[in-house]
1. Give the residues of the stretch 163-180 that are part of a helix (DSSP H, G or I), crowded, with 18+ Cβ neighbours inside 10 Å, without any contact (Cβ under 8 Å) to a residue 60 or more places away in the chain and away from ligand 2 (no atom under 11 Å from the Cβ), sorted by residue number.
2. Name the residue, out of 192, 205, 225, that is over 28 Å from residue 54 (Cα atoms) and assigned by TED's automatic domain parsing to the domain that holds residue 263.
3. Restricting to the stretch 134-146, name every residue that is surrounded by fewer than 14 Cβ atoms within 10 Å (Cβ to Cβ) and either assigned to a helix (DSSP H, G or I) or at pLDDT below 95 (or both).
4. Among the residues of the stretch 231-256, write down those that are surrounded by fewer than 18 Cβ atoms within 10 Å (Cβ to Cβ) and within 14 Å of ligand 3 (Cβ to nearest atom).
5. Do we have residue 43 as under 21 Å from residue 167 (Cβ atoms), in a helix (DSSP H, G or I) and within 14 Å of ligand 1 (Cβ to nearest atom) here?
6. Considering each of 131, 122 in turn, give the residue that is free of Cβ contacts under 8 Å to residues at least 12 places away in the same chain, touching a helix residue (DSSP H, G or I) at 6+ places or on another chain (Cβ under 9 Å) and in a helix (DSSP H, G or I).
7. Can you tell me which of 22, 58 is touching a helix residue (DSSP H, G or I) at 6+ places or on another chain (Cβ under 7 Å) and in the same structural domain as residue 103 (by TED's automatic domain parsing)?
Ligand SMILES: [Fe+2]
Ligand SMILES: [Fe+2]
Ligand SMILES: [Fe+2]
């Protein structure tokens, strides 16, 4: 199989991993705190690792990782329905990986896909178990329909966080600057935490987290990437700062200030990297 075809197949996997991450996070936030939600979040983190390995392999092959979001099976009124959807999503992934392991010749890529497949098989079994458990315990969607200025602001924050997660991951794969790549990955992981904090807060406040992203910066030089990152970090630090002045509850205020301070830190780290990039 030629390289272009392999890149195309791996990008399809990457897109589907991306879809699975968002599907599972949506479920974890939508079922309220508990052991099952934690385990599902851990599975979303497995999918993030898969996404990372696939993206690295695509870059090694000379391709560009896709940022499109692939297949999702959302919908369903109860946690039981969601878990049944997740079993079916995993089954689709299992079939796709099995087919590719068969079709691709490169032993390194075959080995990687087998490694991912072993996780998907475990996930399918876990979701089957969760489907039974959520049925027995009649677990419901805990998200509410409330929407006010603060919930809208937090959802704007979620959109921002999701956007920069994708942006920093993509940049991390594309920049030849190793120090920048390491920082970008670190900050992307921090932005994933931010997304989780915001989503949980929205649910706490009786709303529904909206996990959609905005336009991702597509700069090709490291200096342009970092400039775009500094700009967006400054904007969001300001927005969280403003929102914190409108927060009437202390926990929410503290959350927004913590987010603000993290973003200020990101802007400064990226600022140093930009200076070095320009001088080096
Ligand atoms: Fe996966
Ligand atoms: Fe953030
Ligand atoms: Fe940030």
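1. 171, 172
2. Result of the check over 192, 205, 225: 205.
3. 136, 137, 138
4. 231, 234, 235, 238, 241 - these are the residues of the stretch 231-256 that are surrounded by fewer than 18 Cβ atoms within 10 Å (Cβ to Cβ) and within 14 Å of ligand 3 (Cβ to nearest atom).
5. Answer is no for this residue.
6. Within the list 131, 122, the selection yields 122.
7. The match here is 58.
Yes or no, residue by residue, for (1) buried (at least 18 other Cβ atoms within 10 Å of the Cβ); (2) in contact with a helix residue (DSSP H, G or I) (Cβ under 8 Å, 6 or more places away or on another chain):
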site	(1), (2)
148	no, no
183	yes, yes
209	yes, yes
220	no, yes
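The values are calculated or read from the model by the stated rules, or taken from the named source; none is laboratory data. Here the structure is a predicted model, which means the values were calculated and not measured. Every residue, glycine among them, receives a Cβ derived from its backbone with ideal geometry; neighbour counts consider all protein chains shown.
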